[in-house]
């Protein structure tokens, strides 16, 4: 590892904290949905519109924030993103209607769009290739899963103590504490700059958008996210609703059950990164190692379809966990594969473009899911989720190859 190890691991901890807060803040609504939808007189379609307001804003800002971070640098760009979304999360406490809730969700999406482009760029700047997948897994998908694991019991407990409005205020406060730590303790890694110089801007992005869009690999990475992100959005926002409406689970039951699939996601994210890093240490080419783990993950996801016919809520949750177990292996290696095939100066931009594609698909999926659930129930939605990953793997094999590190 590069010099300044303790400082770099502090950076990794802060990056993991940002990802955990990202999922905690966005999942708060899904856990509280049974209470909020009743108080605000919202239908499934209204709830779908609120969720889609987030995903639309998130998808647009994913690309915009990625380009911005490649220009202003990770420290400033990511710090401002977390500050903005933490304020937006606190503002949810003011909602008095479904329309107001949707507006605050959109603001949350604007801020959260900068999270993963910033985290991915920080990882590729800070850690060597042989450790990158593990750190990427911990700092992105693994930490996000930790936020998702903690969210159901923590949000359910907080709602019992503070009410749902007080819970949103508390999530905003957590974000403010993270922002203070980020700007106080993080500064550019091992580049000879002292702490006072830490706020200096990094060089502007060297890779124009037209150059990125000319490469088949960038389109392949974006298409993969377009196909697969809807599955994760559906799981994130609709599992609590499914447990409540189809399995008769109370808010307390949701708090006890909904964290389980996301726990498997956290574990597999770290294991998936460690697995491909181990292959690198055995002499495997990086791209081949990442793709092998992704292919094995894609074969697992159809098993999750059986959740619809599970005899109990607990059985359904365990089967949902199979898809998120596979997603952890998949996403950690997908993110690291992006850093393997794309020049370092364009990583945030490409992660942002791909994330925008995934967000657009997630927006459409959540908007449609409410209507599908009202008309046909949850089965068609979860069946589709289980079948998407093998298709996405074929896209990776066909499109994603190293891009020459040459600016336009």
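The values are calculated or read from the model by the stated rules, or taken from the named source; none is laboratory data. Remember, predicted model here, so these are calculated numbers, not experimental data. So basically every Cβ, Gly included, is an ideal-geometry build from the backbone, and we count neighbours across all protein chains shown.
Brief remarks on what is shown
- The residues in the stretch 301-328 that are closer than 18 Å to residue 384 by Cβ and free of Cβ contacts under 8 Å to residues at least 40 places away in the same chain can be counted, and the count is 4.
- Subset of the stretch 281-295 that is over 21 Å from the mean Cα position of the chain (by Cα) and surrounded by fewer than 21 Cβ atoms within 10 Å (Cβ to Cβ) - its residue that is nearest to residue 400 (Cα to Cα): 287
- Residue match in the stretch 236-251 (condition: at positive phi, at pLDDT below 85, outside any helix (DSSP H, G or I) and in contact with a helix residue (DSSP H, G or I) (Cβ under 9 Å, 6 or more places away or on another chain)): yes
- Extreme residue, surrounded by the fewest Cβ atoms within 10 Å (Cβ to Cβ), among residues of the stretch 197-229 that are at pLDDT below 85, out of contact with any helix residue (DSSP H, G or I) (no Cβ under 6 Å at 6 or more places or on another chain) and assigned to a loop (DSSP other than H, G, I, E, B): 203
- Hey, residue 24 within 26 Å of residue 131 (Cα to Cα) and part of a helix (DSSP H, G or I) or not: no
- The lone exception for residue 81 - which of (1) surrounded by 23 or more Cβ atoms within 10 Å (Cβ to Cβ); (2) assigned to a loop (DSSP other than H, G, I, E, B) it fails: (2)
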